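The values are calculated or read from the model by the stated rules, or taken from the named source; none is laboratory data. All figures in this text were calculated on a predicted structure; none of them were measured in a lab. Don't worry about glycine lacking a Cβ; one is built from the backbone with ideal geometry, like all the others, and counts go over all protein chains shown.
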Amino acid sequence: MSSQKKRTFKIEAFKHHVVVDPKYAEKTWKILEHAIHEIYNHNASGLSFEELYRNAYNMVLHKFGENLYSGLVATMTWHLKEMSKSIESAQGGLFLEELNRQWADHNKALQMIRDILMYMDRTFIPSSHKTPVHELGLNLWRDNIIHSSKIQTRLVSTLLELIQKERTGEVINRGLMRNITKMLMDLGSLVYLENFEKPFLEVSANFYSCESQQFIESCDCGEYLNKAERRLNEEMERVSQYLDAKTESKITHVVETEMIANHMQRLVYMECSGLVSMLVDDKYDDLSRMYSLFRRVPDGLSTIRDVMTSHLRETGKQLVTDPDKLRDPVDFVQRLLNEKDKHDRIITAAFNNDKTFQNALNSSFEYFINLNSRSPEFISLYVDDKLRKGLKGVSEEDVEVVLDKVMMLFRYLQEKDVFEKYYKQHLAKRLLSGKTVSDDAERSLIVKLKTECGYQFTSKLEGMFTDMKTSQDTMQGFYASQSASDGADGPSLAVQVLTTGSWPTQPIAPCNLPPEIMGVCERFRAFYLGTHTGRRLTWQTNMGTADLKATFAKNQKHELNVSTYQMCILMLFNSSDRLTYREIEQATDIPASDLKRCLQSLACVKGKNVLGKDPMGKDIAEDDAFAVNDKFSSKFFKVKIGTVAAQKESEPEKQETRQRVEEDRKPQIEAAIVRIMKSRRVLDHNNIVTEVTKQLQARFLPNPVVIKKRIESLIEREFLERDKADRKLYRYLA
Amino acid sequence: MKDTVKLISAEGFEFVIDKKAAMVANTIRNMLTSPGGFSEAQHGEVTFPEISTPILEKICQYFYWSLQFASGKETEFHIDPEITLELMLAANYLDA
């Protein structure tokens, strides 16, 4: 390789035949210039593309590109100046049309020129960093036409005038508008912005500011929103019809600001038609319009939400504190449910199911339900009413719906333990009197409570159900063992064995049962203790019921359904005709308040007065005397003597329940404190209070004062001690 | 619109080829599609006073080859060395 001499290649530049004619460039350009004139004059049909292209090609090839380019600029400018004159002289409405026509001409000519000068575009322009022909044509148009002093302002004002006309309902030539705005866009977005969009937005802001002022003086809220929505849609349609798409957000912003944001407060609070009356009257359309319009502006939704919240709280507060409405607990809860349903519907139908609105609704309910300390009791009473009779003959799904609604109210309660207390009482009465409509419904509700509050909350309630079931079995066993030894003549007995602790029983001295009953009871006791050793049975005579067969004068027979106490009283009249209050009290040992109530329902209720009282009167006095009312009659064979059903508690009972609840809370608070201290070892007072509140809020809201007392009690019992240096710190003593 | 176009060489030879093939060259495409009605578009024929017959023939061959190539079949386009230079000049002119 090295020995061989390298042959060097040399590539010589290709030599064009040199143009001898010094006037070549000038002559060639003349041909092209003439062609450009012809093109602008619509005379191109006779021209040969090939010839023109070849001339331009050769000019560039022979380094006359510069001449070609500058010639083009000059010629085009001259034509544009001519066009500009013609546009300026157009009269009135013809102005835009002339402008549009000339623009179309220029565009077409520009394309033809670009095509014949294609070679220059391809080679000369990139190497000499000049503007390509098409862009050059647009720039020249912009500078000579759009920015000509006589056209520029006239163009803007004409466009705005037309839009104004359209806003007031006239029909304008939208196609023309579209062509003109498209032209401005073609010249560059800056041209569009400066020469149209900016002034357009300013004028629109003015227009809508005036219009909204006028509307708000003359329309109610719904009407105003309707108009605002229409305007907004009009503007959006306008953009889609003949403006650049990017303008949409800007013009809608103008409308939103002028028509909505600036008047938001006034609209919402408008008397007789504002948000509150829309809510009250269930105006779904208006509300939904308000929602979709307000959503567009900052703080719009929060404004609606705040007003709705304060309205809800206000009406809710009235609802739960109006003493008139507290008279009937069932009605009270039904009202709450109706209120909730109503607003749920509004949120679904008009507020797009907005989560933040749902939250606002929930927090409002939580706020006002807890304003009334009797809410837990009333909700339980509502359930009681439903489960006793309200749900009779209702399909399973509907039962679930009702129960779910109740659960929803339950969730709002802060004092869930108070609810539990009442619920237990009411459930006990339902179970013992056999009044519950459906076992499935009862159990379903308990399952719901369990998922909501955990096992601990419902374990006792479930225990009650178990007791009922076992009692049934026990009774079957009892009768199976008795039937042989004893005749079926005596009274039949149904005992429910209740586990102490699961049931809301109070230790109560049993009354004296009639001897007939006593006998069966004793046999049962023997049977029960025979199978279950180590247990103790006490009779809860205040809770039972009895069916009595009674014969009145004229051999009228009735079956009386009474409470155990009432049964004891009535049985006394088997052996005597007339008894005084004191005699009855002595014979039965029933507590005075219960005795009075029983006698009242036996002697003073019209249609059920199986006893006569002397002297007559509504109230029972201590020296009253009673006798069997022989004249008693009823169209029914079975007569139910009113056992006082679950009713809302009287004031002292309420106090008592409250006290019991407070009592029950103590160990729970203590347990929480110990749990917390066990893991934290050392903690200051405020932190303990916060933690305890957090742990217990699923059941109730503990009072800080009570927490402090519990801490002190724990210190006394040496679970905790105060830090020696910092008295606010507590230490856990293991 | 006709589907064919007539290309005329410097010597006056006429080549009638498919418009589709002729449009491979951007220059010819513009000639035939530019608005305003240039004479070429009206008559469907183009005269090339600077392109000789053999070169124009080769060019027409290239148009068809290029169409084929565009549809995926890869073959070699044979060019005789002696006409290379002239052919390239023409190609530059036609932007093909």
Limited to the stretch A:402-458, what total is found for residues that are surrounded by fewer than 19 Cβ atoms within 10 Å (Cβ to Cβ), hydroxyl-bearing (Ser, Thr, Tyr), assigned to a helix (DSSP H, G or I) and modelled with pLDDT under 85? 2
Counting residues that are over 27 Å from A:Gly434 (Cβ atoms), which helices (runs of 4 or more DSSP H) fully inside the stretch A:549-655 reach at least 1? A:581-588, A:592-603
Looking at the stretch B:32-64 only, could you name the residues that are modelled with pLDDT under 85 and assigned to a helix (DSSP H, G or I)? B:Leu32, B:Thr33, B:Ser39, B:Glu40, B:Ala41, B:Gln42, B:His43
List every residue pair whose Cβ atoms lie under 9 Å apart, where the two residues are 6 or more positions apart in sequence or sit on different chains, the first residue falls within the stretch A:100-127 and is more than 10 Å from every other protein chain (Cβ to nearest Cβ), and the second residue, located anywhere, is polar (S, T, N, Q). A:Asn100/A:Asn179; A:Gln102/A:Ser84; A:Gln102/A:Ser86; A:Trp103/A:Asn179; A:Ala104/A:Asn179; A:Ile125/A:Thr131
Test for B:Thr4: is it of a type outside the set (D, E, K, R), over 25 Å from B:Ile83 (Cα atoms), free of Cβ contacts under 8 Å to residues at least 60 places away in the same chain and touching a strand residue (DSSP E or B) at 6+ places or on another chain (Cβ under 9 Å): yes
Can you name every one of the helices (runs of 4 or more DSSP H) wholly within the stretch A:204-272 that holds 2 or more residues which are more than 18 Å from A:Ile163 (Cβ to Cβ) and not hydroxyl-bearing (Ser, Thr, Tyr)? A:221-242, A:264-268
Can you confirm whether the stretch B:71-94 contains a residue that is within 14 Å of chain A (Cβ to nearest Cβ), touching a residue at least 40 places away in the same chain (Cβ under 8 Å) and not in a helix (DSSP H, G or I)? no
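Return a yes/no flag: does the stretch A:41-50 have any residue that is closer than 18 Å to B:Leu89 by Cβ and either facing another protein chain (nearest Cβ under 8 Å) or at pLDDT 85 or above (or both). Let's see the steps before the verdict.
The first filter runs over the stretch A:41-50 and keeps only residues closer than 18 Å to B:Leu89 by Cβ, leaving A:50.
Of the ones still in play, those that are also either facing another protein chain (nearest Cβ under 8 Å) or at pLDDT 85 or above (or both) are A:50.
Yes; the residues of the stretch A:41-50 include at least one that is closer than 18 Å to B:Leu89 by Cβ and either facing another protein chain (nearest Cβ under 8 Å) or at pLDDT 85 or above (or both).
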Exactly one of these conditions fails for B:Asn30: (1) within 14 Å of chain A (Cβ to nearest Cβ); (2) loosely packed, with under 15 Cβ neighbours inside 10 Å; (3) under 22 Å from A:Leu52 (Cβ atoms). Give me its number. (2)
Single residue of A:Asn139, A:Asn173, A:Asn144 found to be within 30 Å of B:Asp95 (Cα to Cα) and among the polar types (S, T, N, Q): A:Asn139
Cross-chain or 6+ apart pairs with Cβ under 9 Å, the stretch A:321-346 first and surrounded by fewer than 18 Cβ atoms within 10 Å (Cβ to Cβ), then β-branched (Val, Ile, Thr): A:Leu326/A:Val320; A:Leu337/A:Val402; A:Leu337/A:Val406
For a quick check of your reading of the model, give me the residue pairs whose first member lies in the stretch A:204-231 and is within 19 Å of A:Gly300 (Cα to Cα), whose second is of a type outside the set (Gly, Ala, Ser) and not in a helix (DSSP H, G or I), with beta-carbon atoms closer than 6 Å and at least 6 apart or on different chains. A:Cys221/A:Met270
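State which residue is nearest to the other protein chains (Cβ to nearest Cβ) when the search covers only the stretch A:51-84 and only residues that are in a helix (DSSP H, G or I) and free of Cβ contacts under 8 Å to residues at least 24 places away in the same chain.
Of all residues in the stretch A:51-84, those in a helix (DSSP H, G or I) come to A:51-61, A:65-84.
Remaining after also requiring free of Cβ contacts under 8 Å to residues at least 24 places away in the same chain: A:51, A:54, A:70, A:74, A:78, A:82.
Working: A:Glu51: 8, A:Arg54: 7, A:Ser70: 23, A:Ala74: 21, A:Trp78: 19, A:Glu82: 18 Å.
So the residue we want is A:Arg54.
Count, please, the residues in the stretch A:66-92 that happen to be of a type in the set (Asp, Glu) and surrounded by 15 or more Cβ atoms within 10 Å (Cβ to Cβ).
Filtering the stretch A:66-92 down to residues of a type in the set (Asp, Glu) leaves A:66, A:82, A:88.
Filter again for surrounded by 15 or more Cβ atoms within 10 Å (Cβ to Cβ), leaving A:88.
Number satisfying all stated conditions: 1.
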Of all the residues that make up the stretch A:124-137, how many are more than 24 Å from A:His62 (Cβ to Cβ) and buried (at least 19 other Cβ atoms within 10 Å of the Cβ)? 1
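Do we find a residue being at the interface with another protein chain (Cβ under 9 Å from one of its Cβ atoms) and in contact (Cβ under 8 Å) with a residue 12 or more places away in the chain anywhere in the stretch B:16-27? Full working, then the answer.
Residues of the stretch B:16-27 at the interface with another protein chain (Cβ under 9 Å from one of its Cβ atoms): B:26-27.
Adding the requirement that they be in contact (Cβ under 8 Å) with a residue 12 or more places away in the chain leaves B:26-27.
Yes, the conditions are met somewhere in the stretch B:16-27.
Among the listed residues A:Lys631, A:Lys608, A:Lys638, A:Lys613, identify the single one that is of a type outside the set (A, V, I, L, M, F, W, C) and at pLDDT below 75. First the steps, then the outcome.
Values: A:Lys631 fails: at pLDDT below 75; A:Lys638 fails: at pLDDT below 75; A:Lys613 fails: at pLDDT below 75.
That would be A:Lys608, the only listed residue that is of a type outside the set (A, V, I, L, M, F, W, C) and at pLDDT below 75.
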What single numbered condition from (1) buried (at least 18 other Cβ atoms within 10 Å of the Cβ); (2) in a helix (DSSP H, G or I) fails to hold for A:Arg699? (2)
State all residues of the stretch A:694-714 that are free of Cβ contacts under 8 Å to residues at least 24 places away in the same chain and more than 17 Å from A:Arg411 (Cα to Cα); if no residue qualifies, say none. A:Asn703, A:Pro704, A:Val705, A:Lys708, A:Lys709, A:Glu712
For the stretch A:277-291, enumerate the residues that are surrounded by 19 or more Cβ atoms within 10 Å (Cβ to Cβ), within 17 Å of the chain's Cα centre (by Cα) and not hydroxyl-bearing (Ser, Thr, Tyr). A:Leu279, A:Leu287, A:Met290
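Here is a yes/no grid of residues against (1) in contact with a strand residue (DSSP E or B) (Cβ under 9 Å, 6 or more places away or on another chain); (2) at negative phi; (3) modelled with pLDDT of 90 or more:
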position	(1), (2), (3)
A:Asp324	no, yes, no
A:Asp344	no, yes, yes
A:Asn352	no, no, no
A:Ser363	no, yes, yes
A:Leu371	no, yes, no
A:Leu387	no, yes, no
Out of all the residues in the stretch B:33-43, which are crowded, with 22+ Cβ neighbours inside 10 Å and more than 7 Å from chain A (Cβ to nearest Cβ)? none
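Based on this model, can you work out whether A:Met177 counts as over 15 Å from A:Ile251 (Cβ atoms) and either in contact with a helix residue (DSSP H, G or I) (Cβ under 9 Å, 6 or more places away or on another chain) or not small (Gly, Ala, Ser) (or both)?
In short, no.
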Out of the stretch A:578-601, which residues are modelled with pLDDT under 80, polar (S, T, N, Q) and within 17 Å of A:Met616 (Cα to Cα)? A:Gln600, A:Ser601
Suppose we keep only residues that are under 57 Å from the mean Cα position of the chain (by Cα) and among the β-branched types (Val, Ile, Thr) within the stretch A:597-642. Which one would you say is surrounded by the most Cβ atoms within 10 Å (Cβ to Cβ)? A:Val610
Go through the stretch A:360-401 and report how many residues are over 16 Å from the mean Cα position of the chain (by Cα), hydrophobic (A, V, I, L, M, F, W, C) and buried (at least 21 other Cβ atoms within 10 Å of the Cβ). 7
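When you check A:Asp473 against the structure, is it farther than 16 Å from A:Leu431 by Cα and either of a type outside the set (Gly, Ala, Ser) or at pLDDT 80 or above (or both), yes or no?
On the way: farther than 16 Å from A:Leu431 by Cα: no; either of a type outside the set (Gly, Ala, Ser) or at pLDDT 80 or above (or both): yes.
No: the conditions fail for A:Asp473.
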